[in-house]
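The values are calculated or read from the model by the stated rules, or taken from the named source; none is laboratory data. Just so it is clear, the structure is predicted and the values come from calculations on it, not from any experiment. Reconstructed Cβ throughout: ideal geometry from the backbone, glycine too, with neighbour counts over all protein chains shown. Areas reflect the complete protein model, heavy atoms only, side chains present, ligands, DNA and RNA absent. Shrake-Rupley method; radii C 1.70, N 1.55, O 1.52, S 1.80 Å.
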Amino acid sequence: MFNVLVPRYYKIAAGGVRITYDVGDVCWDFVGRLCKRLGIQYCNWTSFYVSENTNFSPELVQRACDLLVDESLYYDMEFYDGIEDILRPWYDLGVKVNFNSNSPTQAMIDLKREQLKAAVPGLRDEDMTFNLIIPNQPSFKTLGDHTMAFVDDNPYHMLGSTARFNIMPKCPWNTSPEGLRILGNRSVTKLDNLRQINEFVYQRIKFYLEFGC
């Protein structure tokens, strides 16, 4: 499936250069599944945190908050096309790829870990970081040293990113007026799907390793 490691890339990358992917709504349609359970349209989820969606009634917000801690949402995760070759930068360029994902319960973390390992050939436990959070409360992510590219759908996470290249899948909550306001002048690349994201990340990192910019 992958090419042989290219020695010159591997030597450059050996200092710790890495790519970090989020999981929910980057690698699979978490909010889409949540919307189906709630009986609402995906396009109406225009703010990342459910309580900030002013078009949601208090009753809907409460139902959504209850579902956010329902581990059954994570049963039989259906990953996007492209998940199977997400480690291509590691096999071809020697650049580590890891996942950094937030969850409100340990059961959800365990479900994510096992399904990711089944979906991504060669993925190891040490390539995954899972953070326990309070649902619907602002959270941030600490990226590893030398993180070169960061892929996440949450505009708040982008504000705290220390990566050189920041990439987002296009979602209603990061393309809405509210999402754009949060991002402000933050430089991000927004793409339509995981395959496009994988190709952009691969080519951009390859170019950086070759030319240093």
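Details
- Look at (1) open to solvent by 50 Å² or more (accessible area, probe 1.4 Å); (2) more than 21 Å from Thr175 (Cβ to Cβ); (3) more than 19 Å from the chain's Cα centre (by Cα); (4) hydroxyl-bearing (Ser, Thr, Tyr) and you find that Tyr75 fails only one, number (3).
- Any hit, segment 81-88, residues being over 25 Å from Asn193 (Cα atoms), modelled with pLDDT of 95 or more and assigned to a loop (DSSP other than H, G, I, E, B): no
- All strands (runs of 3 or more DSSP E) inside segment 105-206 with 1 or more residues being open to solvent by 60 Å² or more (accessible area, probe 1.4 Å), within 24 Å of Cys65 (Cβ to Cβ) and touching a helix residue (DSSP H, G or I) at 6+ places or on another chain (Cβ under 8 Å): 128-132
- Test: residue in segment 81-95 that is open to solvent by less than 60 Å² (accessible area, probe 1.4 Å), aromatic (Phe, Trp, Tyr) and in contact (Cβ under 8 Å) with a residue 12 or more places away in the chain: no
- Pair list, Cβ < 6 Å and 6+ apart or interchain, from segment 144-159 residues that are farther than 15 Å from Leu180 by Cα to residues that are among the aromatic types (Phe, Trp, Tyr): Ala149/Phe165; Val151/Tyr21
- Among the residues of segment 57-69, the one identified as in a loop (DSSP other than H, G, I, E, B) and either within 25 Å of Arg195 (Cβ to Cβ) or free of Cβ contacts under 8 Å to residues at least 12 places away in the same chain (or both) is Ser57.
- Conditions (1) in a strand (DSSP E or B); (2) open to solvent by 10 Å² or more (accessible area, probe 1.4 Å): number failed by Phe99: (2)
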